[in-house]
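Asks: Dumping the structure here so I can ask a few things about it.
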Amino acid sequence: NYTDFIFCPTLCYELEYPRTDVVVWSQLSYKVLAVFGVIFLLTIVSEEFILPVLTESATRLDGTQSLSEIALVIAETISLLLTPFMITFLLVFLVIFEYVLGAFAEITCFADRHFYSDWWNSTDWLEFSREWNIPVHHFFRRHVYSASRPHIGRPMATLITFLISAVGHEIVMGCITKKFRGYGFLAQMSQLPIVMLQ
């Protein structure tokens, strides 16, 4: 049961999951091939459009003294990186939520393949956080938010859920990059004031 749970594309343990009858090998082959294709595209985008901009920016910043020139270099660098970063975000989303999770769903005959909703149509931050990553949303709703809400109320349960999610994401990114910077944590926690402003 534990091995099955590890390979199923879900974070919530159940005794029984909805299953398909057979593995569709053509779909599995397509998804595995697509994983490598998207990783290739990610490599091209980062090597051709991100690294040269960062290298040139670092060189220019080393030779710059005035605060206004530093601000200008940073603003120019950010503007040059907006499109490659958006493409990278979309490709990472595609490879994880469509191809990797889809491949594991096919391998395990996992029938519930609803890994994301139409987050691109979200009208607020809470809707976006619910719809862009369904497995993580279900996990935090079930094990953090719903478990804490009766004891501490809705606002505090929401705060605790975002806090634990931000810490978890920071740990995962720290393990991947081998650096703990805290930018992701601060960005994720800043969603709560944005939600209140909305």
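Asks: Please give the number of the condition Leu54 fails out of (1) touching a residue at least 40 places away in the same chain (Cβ under 8 Å); (2) farther than 30 Å from Val195 by Cα; (3) open to solvent by 50 Å² or more (accessible area, probe 1.4 Å); (4) more than 17 Å from the chain's Cα centre (by Cα).
Replies: (1)
Asks: For the stretch 157-170, give me the residue count where each residue is out of contact with any Lys or Arg (no Cβ under 9 Å at 6 or more places or on another chain) and within 13 Å of Leu186 (Cα to Cα).
Replies: Qualifying residue count, the stretch 157-170: 8.
Asks: Quick one: Ala34 ticks every box in (1) at pLDDT 95 or above; (2) open to solvent by 80 Å² or more (accessible area, probe 1.4 Å) bar one, so which box is it?
Replies: Failed condition: (2).
Asks: Which is within 30 Å of Phe139 (Cβ to Cβ) and at pLDDT below 95, of Glu14, Glu69?
Replies: Glu14
Asks: Sticking with this structure for a sec: Would it be correct to say that Ser29 is of a type in the set (Ser, Thr, Tyr) and surrounded by 11 or more Cβ atoms within 10 Å (Cβ to Cβ)?
Replies: So Ser29 passes the test.
Asks: Given the criteria in contact (Cβ under 8 Å) with a residue 24 or more places away in the chain, touching a helix residue (DSSP H, G or I) at 6+ places or on another chain (Cβ under 9 Å) and either surrounded by 15 or more Cβ atoms within 10 Å (Cβ to Cβ) or of a type outside the set (S, T, N, Q) (or both), does Phe97 qualify?
Replies: Yes; evaluated as a whole, the condition is true for this residue.
Asks: Same structure, new question: Can you tell me which residue in the stretch 150-163 is nearest to Ile96 (Cα to Cα), limited to those that are β-branched (Val, Ile, Thr) and surrounded by 15 or more Cβ atoms within 10 Å (Cβ to Cβ)?
Replies: Out of the qualifying residues, it is Thr161.
Asks: Closer than 30 Å to Val136 by Cβ, modelled with pLDDT of 95 or more and out of contact with any Leu (no Cβ under 7 Å at 6 or more places or on another chain), is that true of Thr83?
Replies: Spelling it out, Thr83 is indeed closer than 30 Å to Val136 by Cβ, modelled with pLDDT of 95 or more and out of contact with any Leu (no Cβ under 7 Å at 6 or more places or on another chain).
Asks: Count, please, the residues in the stretch 180-198 that happen to be within 18 Å of the chain's Cα centre (by Cα) and either loosely packed, with under 10 Cβ neighbours inside 10 Å or under 22 Å from Asp124 (Cα atoms) (or both).
Replies: So the answer is 10.
Asks: Show the residue pairs meeting these rules: Cβ distance below 9 Å; 6+ apart or different chains; first residue within the stretch 18-30 and touching a residue at least 60 places away in the same chain (Cβ under 8 Å); second residue part of a loop (DSSP other than H, G, I, E, B) and exposed (fewer than 13 other Cβ atoms within 10 Å of the Cβ).
Replies: Pro18/Ala111; Arg19/Ala111; Thr20/Ala111
Asks: Just to check your reading of the model, which residue among Phe89, Phe49 is out of contact with any Lys or Arg (no Cβ under 7 Å at 6 or more places or on another chain), under 26 Å from Ser117 (Cβ atoms) and open to solvent by 50 Å² or more (accessible area, probe 1.4 Å)?
Replies: Phe89
Asks: I would also like to ask the following. Within the stretch 123-149, track down each residue that is closer than 20 Å to Phe97 by Cα and in a loop (DSSP other than H, G, I, E, B).
Replies: Passing the criteria: Trp132, Asn133.
The values are calculated or read from the model by the stated rules, or taken from the named source; none is laboratory data. Every value quoted in this text rests on a predicted model; they were computed, and no experiment measured them. No Cβ is skipped: glycine too gets one built from the backbone with ideal geometry, and neighbour counts run over all protein chains shown. We work out accessible area using only protein heavy atoms, side chains counted, and drop any ligands, DNA or RNA first. Shrake-Rupley method; radii C 1.70, N 1.55, O 1.52, S 1.80 Å.
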